[in-house]
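Have a look at the structure below before the remarks.
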Amino acid sequence: ELKVEQNPLFLSMQEGKNYTIYCNYSTTSDRLYWYRQDPGKSLESLFVLLSNGAVKQEGRLMASLDTKARLSTLHITAAVHDLSATYFCAVDLAGGTSYGKLTFGQGTILTVHP
Amino acid sequence: DAMVIQNPRYQVTQFGKPVTLSCSQTLNHNVMYWYQQKSSQAPKLLFHYYDKDFNNEADTPDNFQSRRPNTSFCFLDIRSPGLGDAAMYLCATSGPLGQAKNTEAFFGQGTRLTVV
């Protein structure tokens, strides 16, 4: 059974600081996604990582994937309040047919304060 | 423009009264997924359709059923909702591999189900 574990589960950051969220998974996969979720809302896709060594950046967020270590990271640079949300990583096990059969990590609740 | 549309956004149902949630898509994707997300938890896959083929997850309760009458629509039926079924239900779609934009699933806005 695939297990996806995120840490930390709760992250309280000061504005302007940097931090990394880690996502470990237990079985081979080269498809990993990061999502953001605001309270009461659906999932917002942040990054799609589809190969070993993939690195993607958008604004203050950067995600990477190491399939050999079964590890993905989401790095936050110079945090701002607007980044406060829950962040999920998800591993895709749909196989060779399609994308979207996801197993999610527990989520990391990020709070950015002044 | 919304591509995966879920209706209603909010649904209140009585304990034990059957309820149906709807998902439609304008992407012509062949795969449609239903996820359940309980409060403060991660989304969990209930089942999915690959074209007309229904695929149930092993631990999805029998109380949950699904129908896909055509490519565009998929329904989630809860035959006898219990208090524990209160959750956000998320529909997602994805297209065949090999096409440029088909590298991820697209999620709808979700339906929040309350059971009273």
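Observations on the structure shown:
- The residue that is surrounded by the fewest Cβ atoms within 10 Å (Cβ to Cβ), among those in segment A:62-82 that are among the aliphatic types (A, V, I, L, M) and without any contact (Cβ under 8 Å) to a residue 60 or more places away in the chain, is A:69.
- Residue match in segment B:33-53 (condition: charged (D, E, K, R) and under 11 Å from the mean Cα position of the chain (by Cα)): yes
- In segment A:84-107, the condition of being more than 11 Å from the chain's Cα centre (by Cα), more than 9 Å from chain B (Cβ to nearest Cβ) and open to solvent by less than 20 Å² (accessible area, probe 1.4 Å) is met by at least one residue.
- Residues of segment B:42-55 classified as open to solvent by 80 Å² or more (accessible area, probe 1.4 Å) and part of a strand (DSSP E or B), total: 3
- Taken together, A:46, A:9, A:50, A:32 contain a single residue that is open to solvent by less than 20 Å² (accessible area, probe 1.4 Å) and closer than 16 Å to residue A:74 by Cα, which is A:32.
- Only one of A:11, A:74, A:110 that is aliphatic (A, V, I, L, M), under 29 Å from residue B:10 (Cβ atoms) and in a strand (DSSP E or B): A:110
- Hits in segment B:63-116 (condition: part of a strand (DSSP E or B), in contact with a Pro (Cβ under 8 Å, 6 or more places away or on another chain) and open to solvent by 60 Å² or more (accessible area, probe 1.4 Å)): none
The values are calculated or read from the model by the stated rules, or taken from the named source; none is laboratory data. Fair warning: this is a prediction, and the values are worked out from it, not measured in the lab. Using ideal geometry, Cβ is built from the backbone for each residue, glycine included, and neighbour counts are taken over all protein chains shown. For accessibility, only protein heavy atoms count, side chains too; no ligands or nucleic acids. Shrake-Rupley method; radii C 1.70, N 1.55, O 1.52, S 1.80 Å.
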